[in-house]
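To start, the structure under review is shown below, and the notes come after it.
The values are calculated or read from the model by the stated rules, or taken from the named source; none is laboratory data. Just so we're clear, the structure is a prediction, and the values are computed from it rather than from any experiment. Heads up, the Cβs are rebuilt from the backbone with ideal geometry, glycines too, and the neighbour counts pull from every protein chain shown.
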Amino acid sequence: KNVILDHYMDDILLAAETKVALQQAFENTELILHKYGLWIAEEKVQLEAPWKYLGCWKLYESQIFPQNIRVVANVNTLNDLQKLLGSINWVRPLLGINTEELSPLFNLLKGDPDLTSVRRLTAPAKQALQLVTDKINTTFAHQINKKLPICLFL
């Protein structure tokens, strides 16, 4: 009843309105996983805030923050640049960064279409990357309903 289970790769997020409901959901989840020979490592279970999720998020009772992240841009080829921009595009909506702010990076896509063609970050492109890093480390999402306690296992 009113339990959220979110699974991505090897992370499982369980959230419920009460600790009792959460504990029951956790036990049921473990039973089902055991049927298929899968186990949740005890050291991975997180019972108190801040909860770490997907290797890069810290969840608190009323806010979600990215863990400190530094954008490492080892861009030498068009393929490196494409991978970097793919990752940035994945988080861009959450960060509130528009295409214009990233245009120095997108401009580097122009030119030789060979995936191994040389690409170097320009000063404006490095500034755009710094904007991404700054936004990642300062942006957070939050929602609170003070009538509902937050209980979470990871």
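The table below gives the values:
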| quantity | calculated |
| --- | --- |
| Any strands (runs of 3 or more DSSP E) falling wholly within region 18-129 and containing at least 3 residues that are touching a Pro at 6+ places or on another chain (Cβ under 7 Å) and closer than 30 Å to Val3 by Cα | 57-59 |
| Search result, residues across region 39-84 that are of a type in the set (A, V, I, L, M, F, W, C) and at pLDDT 85 or above | Trp39, Ile40, Ala41, Val45, Val75, Leu78, Leu81, Leu84 |
| Filter result (at pLDDT 60 or above, part of a loop (DSSP other than H, G, I, E, B) and exposed (fewer than 12 other Cβ atoms within 10 Å of the Cβ)) within region 130-149 | Lys147 |
| Number of the condition not met by Glu17 [criteria: (1) closer than 24 Å to Ala128 by Cβ; (2) among the charged types (D, E, K, R); (3) surrounded by 13 or more Cβ atoms within 10 Å (Cβ to Cβ)] | (1) |
| Cross-chain or 6+ apart pairs with Cβ under 6 Å, region 96-120 first and modelled with pLDDT of 95 or more, then in a loop (DSSP other than H, G, I, E, B) and among the β-branched types (Val, Ile, Thr) | Arg119/Val75 |
